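Accompanying notes for the structure given below.
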Amino acid sequence: MTWSRRYRIRSYLRSSLWIVPIGAIVLEQIFAAFIHALDARYRFQVLGFGLEGAKVIASTVITFSLSFVVFTFGSLLVAVQVASGNRNRKMGRMNSI
């Protein structure tokens with residue numbers, strides 16, 4: 001493999017946005033299978049919660065996850081707005097020269 005081909009591949013992998021989510025999905029599937037196998041073998045009773053306790057924990061995790069996603073997208077929106085505002089001012093100065 002030539003240097004230029006390695007460079008193109010490395011550059012593509014660094015700039016691609018789909019690699020990290022796909023990797024996370026693969027790792028999640030592996031981890032879920034591992035946890036299911038452990039649960040089938042040892043029949044864990046974590047903290048002695050029953051069905052209702054598991055539902056409460058699941059709803060809490062979902063609530064925190066959604067709150068985190070909303071906060072992250074809100075922060076991203078503000079960052080994009082600030083960046084676009086800075087870009088417009090710079091472009092205006094460049095055109096007036």
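Points to keep in mind about this one:
- Loop sites in the range 1-48: chymotrypsin sites (Phe, Trp or Tyr not before Pro), DSSP, at most 10 other Cβ within 10 Å: TRP18, PHE44
- Helical contribution to [θ] at 222 nm, DSSP H n ≥ 4, -39,500 (n - 2.57), averaged over the chain, rounded to 500: -30500 deg cm²/dmol
- Ratio of the Cα radius of gyration of the chain to 2.2 N^0.38 Å, where N counts its residues: 1.86
- Distance from the range 1-33 to the range 50-66 (C-alpha centre basis), Å: 32 Å
- Taken about its Cα centre, the chain carries a charge dipole of roughly 880 debye when the Cβ of each Lys and Arg holds +1 and the Cβ of each Asp and Glu holds -1.
Just so you know, all these numbers are worked out from the coordinates, no wet-lab data involved. Computed from a predicted model, the values in this text were never measured in an experiment. Ideal geometry is used to build each Cβ from the backbone, glycine not excepted, and the neighbour counts take in all protein chains shown.
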